[in-house]
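Chemist: My structure is below; once you've seen it, I'll send some questions.
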Amino acid sequence: MTIIKAEKLNLFYGTNQALKNINLEIKENTVTALIGPSGCGKSTFLRTINRMNDLIEGVKINGRVLFEGKDIYSDYDEIFLRKRVGMVFQKPNPFPMSIYDNIAYGPRIHGIKDKEKLDEIVEKSLKGAALWEEVKDRLKKSALGLSGGQQQRLCIARTLAVEPEILLMDEPTSALDPISTSKIEELMDDLKKKYTVIIVTHNMQQAGRIADNTAFFLNGEIVEYGKTEDIFYKPKDKRTEDYITGRFG
């Protein structure tokens, strides 16, 4: 089933058009990779899905983005939308508080105060991010004491704690070492059983390993979108082939 659908989406930063006539359908419980050279619109598109671009001055958007068939601009309050469409950024950004409080932060904001319920959410979220075994004995310690890879999984756990349906990931492993990267890649395979994952990645091999579907962005447009193996091994557009084989980008 389609969970996100962009229709004739255009986005301008002032006079600069960053997205041009984007039409894209994303199926639920899949991992979709957005690839393309720097500045091609993939992160802009990702941030459109949970209305993060609304926070930038001078942004104009036309066209539609539907989430479960409803328009994200007219039918959703942005706070409610961001609860259901979570975001994990390029650099781990844990709050300067305990591991426990990082995870409990979102549920508390949404009105959950019961200690037992919070304990349950913290454990479940950390397990969901494959971090529980590593941190269960130091939940009251500062999250800033974790390694970079652990901090990124903590940020994933923090996002899972408010029970989103979609996880947006903006190059979530680009600041990490190979071992942490492979842990997060393994995690994605698990996460798609419950969530829909959309990931921006510069790493072509990563897209090939983890994504069910891949969209190739170039100069604000989607050149090609389809099953990952088709995009990589049977691209229909010469520009896709040139990018995949490293002729530019």
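Quick note: the coordinates plus some simple rules give every number you see, no bench work behind them. All figures in this text were calculated on a predicted structure; none of them were measured in a lab. Cβ: placed from backbone, ideal geometry, glycine included. Neighbour counts: every protein chain shown.
Chemist: Can you list the DSSP H helices in the chain whose Cα atoms extend at least 20 Å along the helix axis and whose mean Kyte-Doolittle hydropathy is -0.5 or higher?
Modeler: On the way: long enough: none.
The qualifying helices: there are none.
Chemist: Among 79, 49, 184, what is the fewest-to-most ranking by other Cβ atoms within 10 Å? Don't jump to the answer; show the numbers that get you there.
Modeler: Working: 79 10, 49 20, 184 23.
Arranged by neighbour count, lowest to highest, 79, 49, 184 become 79, 49, 184.
Chemist: Once R0 is set to 45 Å, what does the formula 1/(1 + (r/R0)^6) return for the Cβ-Cβ distance between residue 245 and residue 16, expressed as a FRET efficiency to the nearest 0.05? Walk me through the numbers before you get to the answer.
Modeler: Details: r = 29 Å, r/R0 = 0.65.
Efficiency computed from Cβ-Cβ geometry: 0.95.
Chemist: May I ask you to derive the relative contact order of the stretch 75-214, considering only C-alpha pairs under 8 Å and at least 6 residues apart, and to give it as an integer percent?
Modeler: Working: 189 pairs, mean separation 46.2, N = 140.
After rounding, I find 33 percent.
Chemist: Over 19 Å between Cα atoms: which of 113/192; 27/227; 27/238; 124/192 fall into that group?
Modeler: 113/192; 27/238
Chemist: Sticking with this one: Can you sort 244, 231 so the residue with the fewest Cβ neighbours within 10 Å comes first? It would help to have the intermediate numbers written out before the result.
Modeler: Values: 244 20, 231 27.
Listing 244, 231 from fewest to most nearby Cβ atoms yields 244, 231.
Chemist: Here's something else I'd like to know. Only counting other Cβ atoms within 10 Å, I'd like 138, 158 sorted with the fewest neighbours first. Don't skip to the end; give the middle numbers.
Modeler: Details: 138 14, 158 26.
Ascending Cβ contact count within 10 Å gives the list 138, 158.
Chemist: Relative contact order of the chain: what whole-number percent is it, with Cα pairs under 8 angstrom and at least 6 residues apart? Numbers along the way, then the final one.
Modeler: On the way: 469 pairs, mean separation 68.4, N = 249.
For the chain, the relative contact order is 27 percent.
Chemist: Hey, another quick one. If R₀ is 25 angstrom, what is the calculated FRET efficiency for the pair residue 28 and residue 59, using the beta carbon separation as r and rounding to 0.05? Can you show the working numbers first?
Modeler: Details: r = 27 Å, r/R0 = 1.10.
Calculated transfer efficiency: 0.35.
Chemist: Between residue 74 and residue 113, what FRET efficiency follows from the Cβ-Cβ distance if R0 is 35 Å, with the result rounded to 0.05? Don't jump to the answer; show the numbers that get you there.
Modeler: Details: r = 33 Å, r/R0 = 0.93.
FRET efficiency, residue 74 to residue 113: 0.60.
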